[in-house]
Amino acid sequence: MRITFWFSLIMVCTINAQEVLFEGHVYDTKTKEPIPFVNLSFLNTLKGTSTDENGHFFIDVPNDYLERQLHISSLGYNDSIILAKSLYKTKRFEMVEESFELEEVVVTEKLSNTAFLNPISSYSITSGFASTSTPWVLALYFPNIGAQDKFVDVVTVFMQPTQGFDRAAASFRLRIYDVDPSNGKPKNDILRKSVLLESQKGKDYVSVDLAALQIKVPKEGIYVGLEWLFVPSNWYTNTYMHPISKEQVVEDRFAPTFGAVYSKNQNFKAMVYGMGEWNDFVTKSKDRTKNLIPAISMKIRRN
């Protein structure tokens, strides 16, 4: 039996609350160009959305959400927290590009020694991760073991079918982070470009070749992140009976569904990013010997 783990993991219901259309655009403060796939989350709630390809966002929210803080994040830009009411009035927000120092790229000629980290086959997928209510990033930590320099070659993400989603493909963004040595959590984006991937209907994995980017694995290890995008092309609905009111509830959900496996290797760990912070995701097998982790494999090249 396969189980799908949902982010959010709890439900927040608002009954008979007056709702407003919260919409607008997000732009680059320098270029004034729209920024696609920006995630917006209302803090201390489980409500959020993403901008589309044209930097436009829209979502129906309870009227009192306008008094809440709104977290805005996107790859390559500084995170921002603003009062939702201010964006509701202006319908426009400009993000500041994140400043960073480019590391020297060392092109090596002999990288013949390769290895697969967390090798997975489709039949080992036991469950999945899906998202509702607000955008999340699901990340898996890969340790750096050994003294050799290592470079990311290929990342493979295993998928599960998304019940109720009838489109041919769902998009998501790949994120790669270094590690904060003070707490072991993801810190900075190593992958500076936006890599959008598509989960194709009927195909149980997605692979991307990153060898040309010469991404060196830091000594503390590396996180591979999967970012849900709350865009119309990923949207579908699910209808269920409310356990208390016994009324039918129509719930918004967003594809894709990422595969999950149980692993005995304690070096790998899963974390989720939502509403402005990283948290551990820990689910153990019945015998308590394995942890549930995202079904992500990584091929590396060693110098």
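The orientation-averaged projected area of the convex hull spanned by the Cα atoms of region 121-229 comes to 8.3 nm².
Length gained on full extension, R92 to Y240: 49.7 nm, using 0.36 nm per residue less the C-alpha separation. Available extension along the chain between N265 and T289 is 7.7 nm, counting 0.36 nm per residue and deducting the alpha carbon span.
Taking label positions 7 Å along the Cα-Cβ direction at both E19 and Q200, the computed distance is 3.6 nm, reported to one decimal. Karplus-based coupling profile of region 248-254, in residue order and whole Hz: 6, 10, 9, 10, 6, 9, 9, with θ = phi - 60° in 6.51 cos²θ - 1.76 cosθ + 1.60 and x standing for Gly or Pro.
Calculated mean residue ellipticity at 222 nm for the chain: -500 deg cm²/dmol, from DSSP H runs with n ≥ 4 weighted as -39500 (n - 2.57), summed, divided by the residue count and rounded to 500.
Per-residue Karplus couplings for region 192-204, computed as 6.51 cos²θ - 1.76 cosθ + 1.60 with θ equal to phi - 60°, are listed in order as 7, 9, 7, 10, 9, 10, 10, 8, 8, 4, x, 10, 9 Hz, Gly and Pro entered as x. In the elastic network of the chain, a GNM with C-alpha springs shorter than 10 Å, the most mobile of L174, L140, L87 is L87. For region 144-193, the set of trypsin sites (Lys or Arg not before Pro) satisfying both a DSSP loop assignment and a count of at most 15 other C-beta atoms within 10 Å is given as R167, R192, K193.
Counting heavy atoms of the protein chains only and a 1.4 Å probe, report the per residue accessible area for the chain as a whole number of Å².
Per-residue accessible area for the chain comes out at 52 Å².
Taking a point 7 Å from the Cα of R302 along the Cα-to-Cβ direction, the residues of region 132-175 with backbone N closer than 13 Å to it are 144-151. Sparse packing (at most 15 other Cβ atoms within 10 Å of the Cβ) combined with a DSSP loop state is found for the following GluC sites (Glu not before Pro) in region 226-303: E247.
The values are calculated or read from the model by the stated rules, or taken from the named source; none is laboratory data. Predicted, not measured: the structure shown is a model, and the values here were computed from it. Cβ coordinates were reconstructed from backbone atoms using ideal geometry, including for glycine residues, and neighbour counts include every protein chain displayed. Ligands, DNA and RNA are excluded from the accessible area calculation, which covers all protein heavy atoms including side chains. Shrake-Rupley method; radii C 1.70, N 1.55, O 1.52, S 1.80 Å.
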